[in-house]
Amino acid sequence: MKISVIGVGYVGLATAAVLAELGNDVIAADIDKKKIEGLNSGIMPIFEPGLRELVARNIRENRLRFTHDNREVIRHGEIIFICVGTPPKENWETELKYVKNVAMEIAHHMDSYKVIVHKSTVPVETGDNVRKVIRDNIKKSVDFDVVSNPEFLREGSAIKDTLEPDRVVIGSDSQRAIDMMKKLYDPLKAPLIITDIRSAELIKHASNAFLATKISFINSVARICDMSGADVEKIAEGMGHDKRIGKEFLNAGIGYGGSCFPKDSQAFIKIAESYGYDYKLLKATNEINEEQKEYFVKKIKDALNNLNDKRIGVLGLSFKPNTDDMRFAPSIYIINELQKGGAKIKAYDPEAMEKAKQVFNSIEYCRDPYEAAKDADALIILTEWSEFRELDMEKIKKMMNHSLIIDGRNIYNPENMKKLGFHYISIGRKEVV
Ligand code: UDX
């Protein structure tokens, strides 16, 4: 099928590459000319495992092209995916001007029947608004349908998630559009949820809100574990075996970050508010998430007595492993607070240091984890990159000024750390000295 994708961020790029891989004829566009030039010469705007190879193969095999010409991209596709950014406004409402601009352009350039799909996370009723913008501005009298097809991919596993989704949600009131979407997704053999546009839009916000709440739930339990001497990992395991609860997203830590959960949960609260509903549960989810970062800083302060002039080695800056994304990363709040207290920060992250340079002041960036640990009064773990699990801890211990580790992601075994002679502090697990 002929497919167009407008906006090549995480969602647009993964969608374009995967749909090309499935054999479709895909053109993807973005207004950022530099990004498009880079993509056409094999430079990815983001770090995402497997993406570069997938894009290169599909360009080579003539199934994927990038352009900054919106007219060309709009005329090309039978199905047009809108994947532009939906950033938060200052009051956390969703900024929809990019979606509306694209809808206007579609209305201007469309010259045959199109299925117009919004994949970006948008407030309920956006599909109706997109339809209205197009209807009010259409130049040629051609038919079109609107579909909501929310994307559930995670950063760091975007390609795998897009190729093997848990489900595909298709929201539309047009059987013609639904049939075309079903045909497009048929090769994925994923469960299909066919519904109306508004329900599809809400499935996305409800899913992210639920996952964020699950994280805040286990973080609250971790606080009780810290006070009672119980072990949050065992509790998560014990809960997770119950099929109604499930094992996933019960990792206690320093709270969620990234481009989705913080923004989408706040946006969902605003959406609820616009209908007159006070979404108390989700407000609490967000509050607990903020507190979790403060709680971690307190653990560091308590362990070091006084932050002034203390050298703190930081392992991990990105909001989670396998991405260089720093958006709403818990590391931002935590490092800023440590610096306010007078601590000197030496940090290492396998991928995010370039992006981190735009976020932090006065951090010393290190070549590897050992350099971050050298002469440190404490080593703190902020992202659970797998390479941190395999460090030579004896070497780390010898290099540090004090053998103190404060682990925000629970990646080490407390008993092993004790045997190695570390003072090891983690989240919701007994401290071993
Ligand atoms: C999320 C959703 O998972 C995805 O479906 C949606 O499309 C976009 O938002 P993403 O932000 O890429 O994806 O990352 P995810 O793996 O969900 O993690 C989000 C945050 O929660 C990270 O900061 C992570 O460290 C944190 N987290 C996750 C926990 O603290 N504990 C957990 O058990 C799981």
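The values are calculated or read from the model by the stated rules, or taken from the named source; none is laboratory data. Everything numeric in this text was worked out from a predicted model, so none of it was measured. Every residue, glycine as well, gets a Cβ built from its backbone with ideal geometry; the counts of neighbours run over all protein chains shown. Keep in mind that these areas ignore ligands, DNA and RNA; they rest on the heavy atoms of the full protein, side chains included. Shrake-Rupley method; radii C 1.70, N 1.55, O 1.52, S 1.80 Å.
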So which pairs qualify, if the first residue must be in segment 378-393 and more than 20 Å from Val297 (Cβ to Cβ) and assigned to a loop (DSSP other than H, G, I, E, B), the second must be at pLDDT 95 or above and among the aliphatic types (A, V, I, L, M), the Cβ gap must be under 8 Å, and the two must be at least 6 apart or on different chains? Trp385/Leu315
Which one of these does Asp309 not meet: (1) part of a loop (DSSP other than H, G, I, E, B); (2) open to solvent by less than 50 Å² (accessible area, probe 1.4 Å); (3) away from the ligand (no atom under 16 Å from the Cβ)? (2)
Look at Lys204 and say whether it is touching a Pro at 6+ places or on another chain (Cβ under 6 Å) and in a helix (DSSP H, G or I). yes
Out of curiosity, is Phe66 assigned to a strand (DSSP E or B) and either more than 25 Å from Val169 (Cβ to Cβ) or open to solvent by 30 Å² or more (accessible area, probe 1.4 Å) (or both)? yes
I need the full set of residues from segment 84-95 which are in a loop (DSSP other than H, G, I, E, B) and either open to solvent by less than 30 Å² (accessible area, probe 1.4 Å) or at positive phi (or both), in order please. Val84, Thr86, Trp92
Name the pairs: first residue in segment 54-73 and in contact (Cβ under 8 Å) with a residue 24 or more places away in the chain, second residue in a helix (DSSP H, G or I) and of a type in the set (Val, Ile, Thr), Cβ to Cβ under 7 Å, at least 6 apart or on different chains? Leu54/Ile159; Leu64/Val55; Phe66/Ile36; Thr67/Ile36; Thr67/Val73; His68/Ile36
Does segment 384-400 contain at least one residue that is under 26 Å from Gly50 (Cα atoms) and of a type in the set (S, T, N, Q)? yes
Do we find a residue being open to solvent by 20 Å² or more (accessible area, probe 1.4 Å) and touching a Gly at 6+ places or on another chain (Cβ under 9 Å) anywhere in segment 168-187? yes
Matching residues in segment 168-198 - criterion: being within 24 Å of the chain's Cα centre (by Cα) and of a type in the set (A, V, I, L, M, F, W, C): Val168, Val169, Ile170, Leu188, Ala190, Leu192, Ile193, Ile197
Exclusive hit being open to solvent by 40 Å² or more (accessible area, probe 1.4 Å), on the phi > 0 side of the Ramachandran plot and not basic (Lys, Arg), set Asp375, Asp368, Asp392: Asp375
Those residues of segment 148-167 which are of a type in the set (A, V, I, L, M, F, W, C) and either over 25 Å from the mean Cα position of the chain (by Cα) or open to solvent by less than 30 Å² (accessible area, probe 1.4 Å) (or both), in sequence order: Leu153, Ala158, Ile159
I'm trying to understand the selection: among the residues of segment 412-429, which are aliphatic (A, V, I, L, M) and surrounded by fewer than 20 Cβ atoms within 10 Å (Cβ to Cβ)? Leu420
Selection from segment 1-55 of residues that are in contact with a Ser or Thr (Cβ under 7 Å, 6 or more places away or on another chain), of a type in the set (Val, Ile, Thr) and within 27 Å of Ala352 (Cβ to Cβ): Val5, Val11, Thr15, Val18, Ile36
Based on what the data block shows, is Asp186 away from the ligand (no atom under 16 Å from the Cβ), touching a residue at least 12 places away in the same chain (Cβ under 8 Å) and charged (D, E, K, R)? no
Hey, any hits in segment 398-410 for a residue that's away from the ligand (no atom under 16 Å from the Cβ), at positive phi and open to solvent by 70 Å² or more (accessible area, probe 1.4 Å)? no
Within segment 242-266, take every residue that is outside any loop (DSSP other than H, G, I, E, B), open to solvent by 20 Å² or more (accessible area, probe 1.4 Å) and more than 7 Å from the ligand (Cβ to nearest atom) and give me the one that is nearest to Tyr277 (Cα to Cα). Gln266
Exactly one of Lys357, Lys346 is basic (Lys, Arg) and within 21 Å of the chain's Cα centre (by Cα), and that residue is Lys357
Hey, Lys298 more than 25 Å from Ser386 (Cα to Cα), of a type in the set (Lys, Arg) and without any contact (Cβ under 8 Å) to a residue 40 or more places away in the chain or not: yes
Please state which one of Lys140, Lys114 is closer than 20 Å to Val84 by Cβ and more than 16 Å from the ligand (Cβ to nearest atom). Lys114
Exactly one of Ser216, Ser207, Ser220, Ser228 is open to solvent by 20 Å² or more (accessible area, probe 1.4 Å), within 11 Å of the ligand (Cβ to nearest atom) and among the hydroxyl-bearing types (Ser, Thr, Tyr), and that one is Ser207
So the check is Cβ under 9 Å with 6+ separation or different chains; which pairs have a first residue in segment 123-152 that's in the same structural domain as Asp166 (by TED's automatic domain parsing) and a second one that's open to solvent by less than 20 Å² (accessible area, probe 1.4 Å) and acidic (Asp, Glu)? Pro123/Glu201; Val124/Glu201; Glu125/Glu201; Thr126/Glu201; Gly127/Glu201; Ser148/Glu201; Pro150/Glu201
Might you let me know whether segment 28-42 holds any residue that is among the hydroxyl-bearing types (Ser, Thr, Tyr) and without any contact (Cβ under 8 Å) to a residue 12 or more places away in the chain? yes
